[in-house]
Amino acid sequence: MADSLISVRNLEKSYKMGDVEVHALRGVSLEVKTGEYVAIMGASGSGKSTFMNIIGCLDHISKGDYFLDGVDVKTFSKNQLADLRSKKIGFIFQSFNILARTSAIENVELPLLYNNSVGSKERKERAYNALKSVGLADRMHSLPNQLSGGQQQRVAIARALVNEPLVIMADEPTGNLDTRTSFEIMEIFQALNEKGRTIVMVTHEPDIAQFALSNVIFKDGKIISNGLVKDRKNPTEELKKLIEYNLEPTTV
């Protein structure tokens, strides 16, 4: 489809484990249009993580086709894939993956260090603006050990945004966070999506998947369900409910 940002057709991925061939993906086809917010779900071993690695240009296809922004990714070399990742994809991980001895703003600047067209002044301005967009401008000089888990994930989100990618790919972004902080992160995701950002998120949590626009469910290397979310949740409203619930007096 012409307006598809991500187009995967009959995708297969196999691994060799000793003498056994494991089929992680079996003929997967999916279209993600610009501006969509997709949650990918499935049990462990369902193929969702393998799929994310492939569309994130971190792994190769065994069979099938993958087009990102109209480009045939299958034909790319390792260097071309690395360049594509740095320019068109923003990654957010469960474990944050930020450098421990580096300040928040320096962590956010990192992707821009590989962009020769961005000078030092512009790099700092863009990093600051990215932190500001996730509510952390006042913690720009803080080290990760001075930040809460939720704040560290906000730094990771800012880092994913700083290169102005075509798509944000989030792998279990709330996996290490408590409920309230998870809802706060989902609040940021929905705000980004409302501004036109395309988001593909892997999650094993059904309540988190309810914040997306659509859910894609994997099982045994295949997509078994793909549809719009019914009764989509609003994270701001869910936060209010959570706060009200926690403030209620204990009854005996």
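What follows is calculated from the coordinates using simple rules that are stated; it is not laboratory data. These numbers come from a predicted model, not from an experiment. Cβ: placed from backbone, ideal geometry, glycine included. Neighbour counts: every protein chain shown.
Which value in nm describes the separation of the simple spin-label points at residue 80 and residue 22, placed 7 Å from the Cα toward the beta carbon? Placing both labels 7 Å along Cα→Cβ, they lie 2.9 nm apart. Summed over all non-identical Cα pairs, the Kirkwood treatment of the chain gives a radius of 19.2 Å. Counting 0.36 nm for each residue step from residue 225 to residue 146 and taking away their Cα separation leaves a gain of 24.3 nm.
Could you calculate the FRET efficiency of residue 195 with residue 102 from 1/(1 + (r/R0)^6), where r is the beta carbon distance between them and R0 is 30 Å, rounded to 0.05?
0.60
For a straight C-alpha distance cut-off of 17 angstrom, the aspartates and glutamates reachable from residue 222 (same-chain residues fewer than eight places away being disregarded) are 12, 21, 31, 65. With both labels modelled 7 Å from their Cα along Cα-to-Cβ, the residue 132 to residue 3 distance reads 3.2 nm.
Please tell me the relative contact order of the chain in percent, rounded to the nearest whole number, where contacts are Cα pairs under 8 Å and at least six residues apart.
Values: 478 pairs, mean separation 63.8, N = 252.
Computed value for the chain: 25 percent relative contact order.
If a spin label sat at a point 7 angstrom from the Cα of residue 236 along the line to its beta carbon, the backbone N atoms of segment 168-195 nearer than 20 Å would be those of 180-195. In terms of distances greater than 31 angstrom between alpha carbons, the cross-link table entries 88/241; 16/230; 121/241; 88/219; 33/63 yield 88/241; 16/230; 121/241.
When a/c reaches 1.5 or more, the comparison of a/b and b/c decides; with that in mind, is segment 84-208 rounded, prolate or oblate per its Cα gyration tensor? All intermediate terms of the calculation are to be shown ahead of the outcome.
On the way: a/c = 1.79, a/b = 1.28, b/c = 1.40.
In terms of gyration-tensor shape, oblate.
Comparing mean-square fluctuations of 93, 211, 76 from a GNM of the chain with C-alpha springs under 10 Å, the top value falls on 76. Of the beta bridges in the chain, as assigned by DSSP with both residues counted there, near 55 percent are antiparallel.
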